[in-house]
Ligand code: G6P
């Protein structure tokens, strides 16, 4: 979703802003723009529909000088993606320019008031209303830009991360946030703005995370100044982030997605590092150790998330129920937050989020928190809004995930859930010691088995080339591999635009079986399971109807192999760990199909990496 970059310092701003926008491209967007203040006191805004490359081309031969500027990639909400709706937006007098990520919910009523005051609008956006309102309040009450932004935001309902610059004020950028992500980078005599750290880390590792309803003044030669909307000063410690430039570059891979698939052995190792002691076969998660009483007393765990993280959460339900005997409800965050859910004292809510910024998950967490639930978060991005809003939690440490289709975030989320469930189960006495040691021992070997699974890539590439004709795919799985079937289907539709549905295998006969004919590819995720024989029967039902079967099985499989058109064999492991292996061939399958079809794998149409609006 929308990306924000800003710079003020002694260097030329334009190249920094363009590079920053390129680093944020992974978030998904449809237009881009930049505002620069040159040393003649002119405020130039350039913006265009399409990629950052088009913006660069558009700016050729234009005046792009200036050591202060703001830039933006837009993911359309109000008004279609076109030049006029792209950000930055000018105020009426063109003396203020603003970029915005979020949604101003009461923009129509503010717009009506401004129209009555003689303001006119060039775009369909809620953002233009905000910049006009700032100008109106600034001139009406004769305020500085800093104060005018604060005063205006008091009337605003909705979510925002904004950056604002003013023609007559070449020494300062004002920025603010509520509900949408924004980071301030602090360099030597320079400041940066970013929707996340990726546009900043090349220049500085020192950052400040603003809280909701805080406004910051970044002024040349001065210290960062943060106020809340009541004009009170707020102190923030400067935090040093651990992110390397190589983490956010492709490192020779054609796509981030492929790089991230192959990174999974390393990201799982990072995820387990310092937590899993391979010699002692023990797991220590500090969040769990410190709050074990909460889990001991828990009547229920509620897991909430969106997209791929929700699929990881579904696996969490199987894990917590099997090993901890605690009932688990799992629900997509957008439904949970508006359902008036019953939350009792002693409930534990686990929000799961790669970005830690997904608007619905954030709101679901806030709702549960306000009703007394204990919040235990699972997040990847350190310092993200969800991570900061929890009572406790475990970071996945997957490293930055840039490809829109989530891969290593999923496997690390599942790994955290496994570590949590077995640790809690052991403490509660619902998981016996020998079983605990067996699972932990097997988890210690999992990265080697993941690397073995990588060897399947070329075979899966070959299989993928057979199925580019397909307009529909079905994915079936049972137990721990039912959520994997959902995830496989999601991956395929996200990046290849082929319609795909995931189903619990036995549910197939209640409808989807009607779709099966000799053209229909059906991916059956069926490693060695307790109910393997049941899956064999499901596969027979497909075979009888001539469906094309691609089976993911455990090495040495006999029964399903006989029936499948294509068989992909993964290493043997504990049933509860199989999702960590079975999902990898599905990631490869969707990647290669999309690549052969010539799709934009890392930035598929209409999708955003970090969904910061509801
Ligand atoms: C978007 C992304 C998905 C992701 C989902 C939830 O839809 O494209 O890959 O799974 O958001 O994101 P989160 O950051 O909360 O895990």
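The values are calculated or read from the model by the stated rules, or taken from the named source; none is laboratory data. It should be emphasised that the depicted structure is a prediction, and the values quoted were computed from it without experimental measurement. Cβ sites come from the backbone with ideal geometry, for glycine too, and all protein chains shown count toward neighbours.
Could you pull out the residue among 485, 409 that is in the same structural domain as residue 583 (by TED's automatic domain parsing), in contact (Cβ under 8 Å) with a residue 12 or more places away in the chain and either more than 17 Å from residue 597 (Cβ to Cβ) or touching a helix residue (DSSP H, G or I) at 6+ places or on another chain (Cβ under 6 Å) (or both)? Before the answer, list the steps.
On the way: 409 fails: in the same structural domain as residue 583 (by TED's automatic domain parsing).
Sole residue among the options that is in the same structural domain as residue 583 (by TED's automatic domain parsing), in contact (Cβ under 8 Å) with a residue 12 or more places away in the chain and either more than 17 Å from residue 597 (Cβ to Cβ) or touching a helix residue (DSSP H, G or I) at 6+ places or on another chain (Cβ under 6 Å) (or both): 485.
Across the stretch 373-395, which residue is farthest from the chain's Cα centre (by Cα) among those that are within 10 Å of the ligand (Cβ to nearest atom) and not in a helix (DSSP H, G or I)? Filtering first and then ranking leaves 378.
Tell me yes or no: at least one residue of the stretch 124-135 is at positive phi, outside any loop (DSSP other than H, G, I, E, B) and surrounded by 24 or more Cβ atoms within 10 Å (Cβ to Cβ). Steps first, answer last, please.
Filtering the stretch 124-135 for residues at positive phi gives none.
Taking every residue of the stretch 124-135 in turn, none turns out to be at positive phi, outside any loop (DSSP other than H, G, I, E, B) and surrounded by 24 or more Cβ atoms within 10 Å (Cβ to Cβ).
Regarding the stretch 432-442, can at least one residue be identified that is within 28 Å of residue 257 (Cβ to Cβ) and either away from the ligand (no atom under 16 Å from the Cβ) or crowded, with 18+ Cβ neighbours inside 10 Å (or both)?
If we filter the stretch 432-442 for residues that are within 28 Å of residue 257 (Cβ to Cβ), which is where we start, we get 442.
With either away from the ligand (no atom under 16 Å from the Cβ) or crowded, with 18+ Cβ neighbours inside 10 Å (or both) added as a condition, the list becomes 442.
For the stretch 432-442, residues within 28 Å of residue 257 (Cβ to Cβ) and either away from the ligand (no atom under 16 Å from the Cβ) or crowded, with 18+ Cβ neighbours inside 10 Å (or both): present.
The numbered conditions (1) modelled with pLDDT under 95; (2) out of contact with any helix residue (DSSP H, G or I) (no Cβ under 9 Å at 6 or more places or on another chain); (3) surrounded by fewer than 24 Cβ atoms within 10 Å (Cβ to Cβ); (4) closer than 24 Å to residue 256 by Cβ are all true for residue 15 except (1). Is it true that residue 582 is without any contact (Cβ under 8 Å) to a residue 40 or more places away in the chain, closer than 17 Å to residue 450 by Cβ and within 33 Å of the chain's Cα centre (by Cα)? In short, no. Do we find that residue 291 is more than 16 Å from the ligand (Cβ to nearest atom), at pLDDT 95 or above and in the same structural domain as residue 440 (by TED's automatic domain parsing) in this structure? Here the answer is yes, as residue 291 does meet what is asked. Only residues that are within 13 Å of residue 497 (Cα to Cα) and more than 6 Å from the ligand (Cβ to nearest atom): list them for the stretch 603-614, please. Matches in the stretch 603-614: 603, 604, 605, 606. The stretch 154-200 holds strands (runs of 3 or more DSSP E) entirely within its bounds, and those carrying 1 or more residues that are in contact (Cβ under 8 Å) with a residue 40 or more places away in the chain and more than 26 Å from the chain's Cα centre (by Cα) map to 158-166, 169-178.
On the stretch given as the stretch 324-372, residues that are buried (at least 22 other Cβ atoms within 10 Å of the Cβ), within 16 Å of the ligand (Cβ to nearest atom) and in a strand (DSSP E or B) total 6.
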